[in-house]
Amino acid sequence: MTEFDPDTLSFTPFDAAPARLIIRPQAVVENWQRMQKLSGKARAAAVVKADAYGLGAEEIVPALYDAGCRDFFVAVPDEGMLAREVAPDARIFVLSGVWPGTEAQFFDYDLVPVLASEDQVAFWTNAVSQSGEHPCALMVDTGMNRLGLSVDEAIALANDPTRPASFSPVLLLSHLACGDEPEHPLTRQQLESFQKVAAVYEGIESSLSNSAGITLGADYHFDLTRPGISLYGGSTGNPDFKPGASVVTAEARIVQLRDIKAGEGVSYGATFRPTRDTRLAVVAAGYADGFHRSLSGSGVPLRQAVQQGAMGFVNGHRVPLAGRITMDLTIFDVTDVPDGDIRVGDYIELIGENILLDDVAKAAGTIGYELLTGLGNRYQRIYV
């Protein structure tokens, strides 16, 4: 069947959407509870930066808060302000720290800046000396060479007798560079460096582990863990740790079914030429929707990690991509799907329980983080 059947159409925004996301906040909660259990004696926070990894902080944060999570990490103050509105008495840490002109956001919304340099420490110390005590956190660089005071700077600050009382960190943290590679020597080096710093900040909570770090065992847990990608159904990189519950399904509507002869070219560059007569399904999503061009079924010479493009799933059948993904459209080879199992108007799953996030990421030569945070704003979203 290649024509629309008016009797089957529903015109609610979700049912009529060309592309849509089904997001399951309860699955995020289940994944957080799993990471809380794996964290042993430590508490598990939740990393909800980048709009909860692209899935909607306004829905995800209150679900986690209702489940008992009381520590959240965001990237910038605006994200913290949004989180505060739905998590009234949680601790909300802002990883980018504080800069002149943003102090009021931290004071008014009770946000905790993560200070990452001696300049930020000096600025914050001056700000709280004028406005009253306010908690902060201290980032230490133990080997990633991204953000944070050096180990020597952090130890010197702890031992500085002139350090003002207004500087009152409530959390010491660092970040693992290779936590997803359990045998990497840098991981153990970072642990030992962080232990050295934590020892001189006695009485202050410590946090080292992201999702991958949690899987490394109790030595890495300290007082607070910081799961991120594991909450959203992604892999930690540890081969012994299987991803948790699927959180999001991305689907795109079939807008046309077409039959072509063997040898005919498909999509830009005509890079896909089937060796048999072929049925194609053209669906309403492309790289403008975060379905990367590098996922294409052919014609992507820069992709080296995985030669085959991504797959789709429709009515019980896995179907391969055909040709290059374009800005708004993607084409699948549905030749092997029986006629009775596919029609115009059906949705093809791009990411979900049948087409796993990490498998799509591998096909794109990237990671699940990038796919999730790149989902476009044209998807109609529903939270179930």
Might you check whether a residue that is more than 26 Å from Asp15 (Cα to Cα), assigned to a loop (DSSP other than H, G, I, E, B), at pLDDT 95 or above and charged (D, E, K, R) occurs anywhere in segment 342-351?
no
(1) farther than 30 Å from Lys242 by Cα; (2) part of a helix (DSSP H, G or I) all hold for Ile331 apart from (2)
Only one of Ala50, Ala75, Ala19, Ala67 is surrounded by fewer than 19 Cβ atoms within 10 Å (Cβ to Cβ), touching a Lys or Arg at 6+ places or on another chain (Cβ under 7 Å) and modelled with pLDDT of 95 or more, namely Ala75
With criteria (1) outside the structural domain of Ile342 (by TED's automatic domain parsing); (2) modelled with pLDDT under 95; (3) of a type outside the set (Phe, Trp, Tyr), Ser298 comes up short on (1)
Checking Pro100, Pro113 in turn, the sole residue that is within 26 Å of Glu192 (Cα to Cα) and in contact with a helix residue (DSSP H, G or I) (Cβ under 8 Å, 6 or more places away or on another chain) turns out to be Pro113
Of (1) more than 23 Å from Gly368 (Cα to Cα); (2) crowded, with 21+ Cβ neighbours inside 10 Å, Leu176 satisfies every one except (1)
Note on segment 106-150: residues under 25 Å from Leu191 (Cβ atoms), of a type in the set (Asp, Glu) and not in a loop (DSSP other than H, G, I, E, B) are Glu118
Residue pairs within 9 Å by beta carbon, gap of at least six or interchain, first lying in segment 19-42 and on the phi > 0 side of the Ramachandran plot, second surrounded by fewer than 22 Cβ atoms within 10 Å (Cβ to Cβ), listed first then second, are Gly40/Gly217; Gly40/Ala218
Checked Gln33, Gln26 against criteria (modelled with pLDDT of 95 or more, over 15 Å from the mean Cα position of the chain (by Cα), within 30 Å of Gly345 (Cα to Cα) and part of a helix (DSSP H, G or I)); the one match is Gln26
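The values are calculated or read from the model by the stated rules, or taken from the named source; none is laboratory data. This is a predicted model, so every value here is computed, not measured. For neighbour counting, all protein chains shown are included, and Cβ atoms are generated from backbone atoms with ideal geometry for every residue, glycine included.
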